[in-house]
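I have placed the structure first, in the form of structure tokens, so that the comments after it can refer back to it.
Read-outs: derived from the displayed coordinates by stated rules, not from any lab. Please read all numbers here as calculations on a predicted model, not as lab measurements. As a convention, Cβ positions derive from the backbone with ideal geometry for all residues, glycine included, and neighbour counts pool all protein chains shown.
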Amino acid sequence: MRDDVEFDVSGALLGWYDLHARKMPWRVGPADRAAGVRPDPYRVWLSEVMLQQTTVAAVRDYFQRFTARWPRVEALAAAPDEHVMGEWAGLGYYARARNLLKCARVVAREHDGQFPDSYDTLLTLPGIGPYTAAAIAAIAFDRPETVLDGNVERVTARFHDIHEPLPGSKPLLKQYAEALTPAIRPGDYAQAVMDLGATICTPKSPACGICPLREPCRARLAGTAPELPKKSPKKPKPTRYGYAYLARRADGAVLLERRPDKGLLGGMLGWPGSHWSETPVEMPPFEAGWQVLTGEVRHTFTHFHLILHLRSAVLPDDLEPDGLQIIGKHAFRPSDLPTVMRKAYDLWRGQ
């Protein structure tokens, strides 16, 4: 905060949050929290893991399905891997789902089903990094931890008019955000800053005129808010190629493979295929007159673009696949496939 301005940042932001907090299925709103309702650490943890690199709109339905099917961490810990991975399909970043199960099982087995309430202990759990540990400690347990996501980085960079580009400016932004984190209602404050970034201090066309922090905001005074935070140029993503093989038996059964636990789409079911590289080699799962499907599947992962060429064939009745799975017509659910594999299925089904 500016040294020459007397302004209660946390008070202004919490007052705004009390009136304008977003309603979310995993959140205990400020009125309920003031009445003594405490957040469920399991729901806070689950929502934070789901929200990583994903939008609130995309997560709502997944969260409600997960909590309806597995209302407590012990239930999730006892769930078969394939059921959890199937429910996760479409959310992307599948390592999160694998770590979700690992974390649930550690909490159930080693912590009697209770999430630790300290930042340092939360960090020891599988799949929980500094951001998630801080979010759970603050939101679930009201610890004065500093939660630094993209929204908070943007609000902080504008409030202090910081022009050093991300990601290099993260330590400085963390320092500034930490200085503003209050000891009173830190959980509500963390959610208030995130809400402010999501609804008012947005990436484009921030609504500075109605912002509760507009008076001391240095970027508003300097007219630089729309251009912050600055980011270092990204390197162009390479493109990889591959083949996917889609086979169906006369009775409707299909041939799938479960991908290795480590790596992209780890532990997920998908179509057998080749390696993904600049010069892939065809690797059909069995000998057949494979037909070339018209079109191609395009998908973008974090670090590269992927183009898949598709092949189709009839699955023989007597085939005993080595390391692959034959899924019956009524057991096969395309919705359980990761997005790139579902794209392949949709293209195949349309021909």
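The charge dipole of segment 146-299, taken about the Cα centre with unit charges on the Cβ atoms of Lys, Arg (+1) and Asp, Glu (-1), comes to about 340 debye, rounded to the nearest 20.
Stokes-Einstein diffusion for segment 1-138, with the hydrodynamic radius set to the Kirkwood value over Cα pairs and evaluated at 4 °C in a medium of 1.567 mPa s, equals 79 µm²/s. Summarised in one figure, the compactness ratio Rg/Rh of segment 240-326, Cα atoms and Kirkwood Rh, is 0.96.
For the pairs K237/K262; K174/K204; K204/K262; K174/K230; K174/K234, note any where the Cα-Cα span goes beyond 26 Å. Let's see the in-between values first.
Numbers: K237/K262 22 Å; K174/K204 22 Å; K204/K262 37 Å; K174/K230 16 Å; K174/K234 22 Å.
With Cα atoms farther than 26 Å apart: K204/K262.
Whole-Hz Karplus values for segment 323-340 come out as x, 10, 10, 9, 9, x, 3, 7, 8, 7, 10, x, 5, 7, 7, x, 3, 5 Hz, taken residue by residue from phi with 6.51 cos²θ - 1.76 cosθ + 1.60 and θ = phi - 60°; glycine and proline positions read x. Volume per residue for the chain equals 160 cubic angstrom (convex hull of Cα atoms). Between E82 and D317, residue separation times 0.36 nm minus the direct Cα-Cα distance comes to 82.1 nm.
Close amide H contacts of L246 (hydrogens built in the peptide plane, cut-off under 5 Å, sequence separation of 5 or more or a different chain): R311, S312, A313. Our note on the geometry: Cα centres of segment 1-73 and segment 232-251, 36 Å apart.
In segment 136-294, inverting the average of 1/r over every pair of distinct C-alpha atoms gives 19.9 Å as the Kirkwood radius. Under 10 Å, Cα contacts only: if you run a Gaussian network model on the chain, which one of T132, T199, T156 comes out with the highest mean-square fluctuation? Answer for the Gaussian network model of the chain: T199. For R240, nonlocal amide neighbours, meaning residues 5 or more places apart or on other chains whose placed amide H falls under 5 Å from its own, are H305, L306, I307.
The phi torsions of segment 290-307, fed into the Karplus equation with coefficients 6.51, -1.76 and 1.60 and a -60° offset, translate into couplings of 5, 9, 7, 7, 6, x, 8, 9, 10, 8, 10, 9, 4, 10, 7, 8, 10, 10 Hz, rounded to whole numbers, with Gly and Pro shown as x. The residues S10, S47, S205, when put in order of fewest to most other Cβ atoms within 10 Å, stand as S205, S10, S47.
Reported value for segment 87-220: 134 Å³ per residue, from the convex hull of its C-alpha atoms. When the alpha carbon gyration tensor of segment 207-351 is reduced to an equivalent ellipsoid, the three semi-axes, largest first, read 45, 17, 13 Å.
The distance between label points at D8 and T54 comes to 3.9 nm (points 7 Å beyond Cα on the Cα→Cβ vector). Using C-alpha pairs below 8 Å separated by at least 6 residues, the relative contact order for the chain is 17 percent.
Considering only the chain, what is the antiparallel percent among its DSSP beta bridges, to the nearest 5? Counting only bridges with both partners in the chain, antiparallel ones make up about 55 percent. What net charge is computed for the residues neighbouring Y189, neighbours being all others with C-beta under 13 Å from the C-beta of Y189, Lys and Arg scored +1, Asp and Glu -1? Computed value for this residue: -4. Sites listed here are trypsin sites (Lys or Arg not before Pro) in segment 149-238 whose DSSP assignment is loop and whose Cβ has at most 15 other Cβ atoms within 10 Å: K204, K230, K234. Take the Cβ atoms of L172 and M283, set R0 to 41 Å, and the FRET efficiency comes out at 0.25.
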